[in-house]
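Read through the structure below, which is laid out as structure tokens, and then see the notes.
What follows draws every value from the coordinates through simple rules; no lab data is involved. These numbers were taken from a predicted model, which means no experiment stands behind them. Positions of Cβ are generated from backbone atoms using ideal geometry, with glycine treated the same way; all protein chains shown enter the neighbour counts.
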Amino acid sequence: MAEQKEKLFSEFEPISTEAWIAKITADLKGVPFEKKLIWKTGEGFNANPFYRLEDLEGLKTTTSLPGEFPYVRGTKKDNNWKVRQDIQVVDFKAANEKAVDVLTKGVTSLGFAFKGDDVNAENLATLLKGINPEVVELNFSTCLCKSDKLVVILAELFKANGYDLGKCTGSVNFDPFKKPLLKGKKNETWVEKAIALLDAGKALPGYRVLAVNACLLNNAGAYIAQELGYALAWGNELLAKLTDAGRTVDEVAKSIKFNFGISSNYFMEIAKFRAARWLWAEIVSAYKPACECACKMVAHAQTSGWNMTIFDAHVNLLRSQTETMSAAIAGVDSITVRPFDEAFETPDDFSERIARNQQLLLKEECHFDKVVDPAAGSYTVEVFTNSIADVAWKLFLEVEEKGGFGLLANTGEIQKEVNTSNEARHKAIATRRETLLGTNQFPNFTEVANDKIKKESAACCCHNKECGPSEVTALDFSRGASDFEDLRLATEKSEKTPKVFMLTIGNLAMRLARSQFSCNFFACAGYKTIDNLGFDTVEAGIEAAVEAGADIVVLCSSDDEYAEYAPAAFKALAGRALFVVAGAPACMEDLKSQGIETFIHVKSNVLETLQEFNAKLGI
């Protein structure tokens, strides 16, 4: 059969890349291929619309195998990632009951976060009652100053209960750069605490007690290659400082856990995790470890908080599902799916259950855990893996040349660069070059959200004893949707919801297309839109708009007809409502000279335009 297939395919002559591009260019009817189809990513490289086998020539990633250095295809020969659920601990007994319950529902990894003042043997015994640390991965987050004490208590507790400490797995989230990144508070004296933690951690060899929380960068709007480049520099800072302090590279490297975020950029995220393992292996290898196993990255992934939305919140499920898929395909060690309602309220049992099941569906029904690195050999993924690796590596070297991650975090340079990316992505969302479904594109016209927002601000883990005033720039965690949400919530709180009337006239196809575009445009601010099938005359449309009590009248027609209809409609309206033309016709400058000021089209800054309307309407 194989020979028959080979003979069959041999009857077809191969088609060159040049031939494909020529055919595509012909179909584009004169529009430049590079302008129309080359994707200008935010990652520092351009992406082609298609790739071919020839694009893989010379790439190192295509020759490696799963479980083998440099681990681009995975650090192990299976893909059975751990399903993790994180629990914010306020009451230790209640947290234990919740943990024991979710362990019967598919969870295989738990994350506990609690205050440093609560670190004692009694509380931990209560928290872990009925939980087998040899079977369940346990992850803890508390104040830096109590991390070594936490590990000592855990080791004593596990030993007292007869567990094999060598079989217990988990992590302690000791992150010396959390304070400068989150609070803008310098932390330059962390090495001594880290050494004490490494000493304590010897009792639990299966625990990773040093953290690289690149997820913070992701949640602050960093680009993918930027998150990876800084994560590598972050990990290298731990390696460099602690080996300089006398610890072996094997000891330090085997104590580091990477916690990444996952954006909705599906193929890029698959490539990111593959590149992350590869580059980290190369970095650790440069320190000459005694065991090659020290070069293996342990990576936890959590779905993004940056692209979660308050409005049309169930779309968060779609975003987090594709994010989870990309991390699972890429072969991470564990995944946390953030509940879809996390942006506006404390997640309830239902949203947490759905979040768990998002992973379980991938395992039990889609069998994602049955294939190691299924993306290998994909021309696109292989090229993206190398492209992201190149950009991230350049950023890593740049950070090292400037003095390392610690120095730049404590001066605020890392934060400023990430915040700049956040601003750029907010602008992309404002102009719809980046889409958040239900927020800046295709919003739910009738939805209101003020009453459902019940989210309380997170408490500081150290009760603000150590935070104090900011010394350097902190990360900006404003979500991508926040500007649009502020705009729409302001409309909700106003005494009157503005009415936007579509004056549809003339060419049937164009007026329908532009009325739909305009309805979506103004609904992003929570305005009430009134669409129409069409009017015979401009005067009839204006009369209907005034009768409907319209605050804004949008003329929807074709470019050719605007020269006639727009001046007539503007004159007939006579200032009784704001007047808008849907489109950017060739006669736009002439219309402006007649007093028509506002035009909305695909190149408009949607956010700024709607903010201007809110101001004009007194919202």
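Work through the residues other than ARG514 whose Cβ is under 15 Å from its Cβ and net out their charges, Lys, Arg +1 and Asp, Glu -1.
In short, -2.
Compute the acute angle (0 to 90°) between the alpha-carbon long axis of helix 266-285 and the principal axis of greatest extent of the alpha-carbon atoms of the chain; round to the nearest 10°.
30
Please identify every one of the trypsin sites (Lys or Arg not before Pro) in the stretch 496-603 that sits in a loop by DSSP and has no more than 12 other beta carbons within 10 Å of its own beta carbon.
Sites meeting the loop and neighbour criteria: LYS496, LYS603.
Which residue, LEU408, ASN259, LEU204, has the largest displacement toward the positive end of the dipole of the chain when charges sit on each Cβ (Lys, Arg +1; Asp, Glu -1)?
Most positive-ward Cα: LEU204.
What does the charge count around ILE596 come to, taking other residues whose C-beta lies under 11 Å from its C-beta (Lys +1, Arg +1, Asp -1, Glu -1)?
-1
So between THR431 and ASP101, what do we pick up on full extension, going 0.36 nm a residue minus the alpha carbon distance?
Between THR431 and ASP101, full extension yields an extra 114.3 nm.
What is the distance in Å between the Cα centroid of the stretch 310-333 and that of the stretch 537-581?
44
Would you please calculate the Kirkwood hydrodynamic radius of the stretch 71-421 over all C-alpha pairs and express it in Å, rounded to one decimal?
Result for the stretch 71-421 stands at 20.4 Å.
With label points built 7 Å along Cα→Cβ from the Cα atoms of LYS452 and THR322, find their separation and express it in nm.
Modelled inter-label distance: 2.1 nm.
Regarding the stretch 13-74, what are the three Cα extents along the principal axes, ordered largest first, in Å?
Per principal axis, max minus min of the Cα coordinates gives 48, 37, 15 Å.
From the P(r) of the stretch 217-354, could you give the percentage of C-alpha pairs in the tail past 21 Å?
Value for the stretch 217-354 (Cα pairs over 21 Å): 46 percent.
Just one of (1) 0.95; (2) 1.03; (3) 1.16 is Rg/Rh (Cα atoms, Kirkwood Rh) calculated from these coordinates, so which is it?
(2)
What FRET efficiency, computed as 1/(1 + (r/R0)^6) with R0 = 22 Å and r the Cβ-Cβ distance, is obtained for PHE517 and LYS592, rounded to the nearest 0.05?
Step by step, r from the Cβ atoms, then E = 0.60.
Less than 22 Å apart at the alpha-carbon level, and either on another chain or at least 8 residues along: which lysines does that give for LYS272?
LYS40, LYS60, LYS76, LYS77, LYS82, LYS254, LYS257, LYS296, LYS363, LYS370, LYS394
Test of the criteria: in the stretch 481-561, which GluC sites (Glu not before Pro) are in a DSSP loop and have at most 13 other Cβ atoms within 10 angstrom of their Cβ?
GLU495
I want to check the label-to-label distance for ALA245 and SER494. Put each point 7 Å from Cα in the C-beta direction and report it in nm to one decimal.
5.6
Ratio of alpha-carbon Rg to the 2.2 N^0.38 Å globular estimate for the stretch 149-285, to two decimals, please.
My calculation over the Cα atoms of the stretch 149-285 gives 1.12.
By how many degrees, between 0 and 90 and to the nearest 10, does the Cα long axis of helix 191-201 differ from the longest principal axis of the chain?
60
Looking at the stretch 358-437 from every direction and averaging, what is the projected area of its Cα convex hull in nm²?
8.7
Under 20 Å from a point 7 Å along the Cα-to-Cβ line of HIS601: which residues of the stretch 533-560 have their amide N that close?
Counting only backbone N, you get 553-560.
Could you work out how much longer the chain between GLU345 and GLU192 gets when fully extended? Use 0.36 nm per residue separation minus the Cα distance between them, nm to one decimal.
So the chain would gain 51.2 nm between GLU345 and GLU192.
Would you calculate, for the chain, the mean residue ellipticity at 222 nm contributed by helices, counting each DSSP H stretch of 4 or more residues as -39,500 (n - 2.57) and dividing by all residues, to the nearest 500?
Counting only the DSSP helices, I get -13500 deg cm²/dmol.
Taking all pairs of different Cα atoms in the stretch 494-616, averaging 1/r and flipping that mean, what Kirkwood radius in angstroms comes out?
14.1
What distance in nm lies between label points placed 7 Å from Cα along the C-beta direction at ALA203 and ASP164?
2.0
Need the full-extension length gain, VAL546 to LEU617, defined as separation in residues times 0.36 nm minus the C-alpha distance. One decimal, nm.
Here the answer is 23.9 nm.
If the cut-off is a Cα-Cα distance under 13 Å, which aspartates and glutamates reach LYS36, setting aside same-chain residues fewer than 8 apart in sequence?
ASP27
Return the loop-located GluC sites (Glu not before Pro) in the stretch 171-252 (DSSP other than H, G, I, E, B) with at most 14 other Cβ atoms within 10 Å of their own Cβ; answer none if there are none.
GLU188
Would you mind checking the stretch 422-455 for residues with the amide N under 14 Å from a putative spin-label position 7 Å along Cα→C-beta of VAL90?
Of the residues in the stretch 422-455, 454-455 have backbone N under 14 Å from the label point off VAL90.
Quote the FRET efficiency, to the nearest 0.05, computed for ALA290 versus ALA125 with a Förster distance R0 of 30 Å and r equal to the Cβ-Cβ distance.
0.25
Return the FRET efficiency for the residue pair GLU398, LEU59: r is the Cβ-Cβ distance, R0 is 25 Å, and the value is rounded to the nearest 0.05.
Computed FRET efficiency for GLU398 and LEU59: 0.60.
Pairing the Cα long axis of helix 379-401 with the longest principal axis of the chain, what angle in degrees results, from 0 to 90 and rounded to the nearest 10?
70
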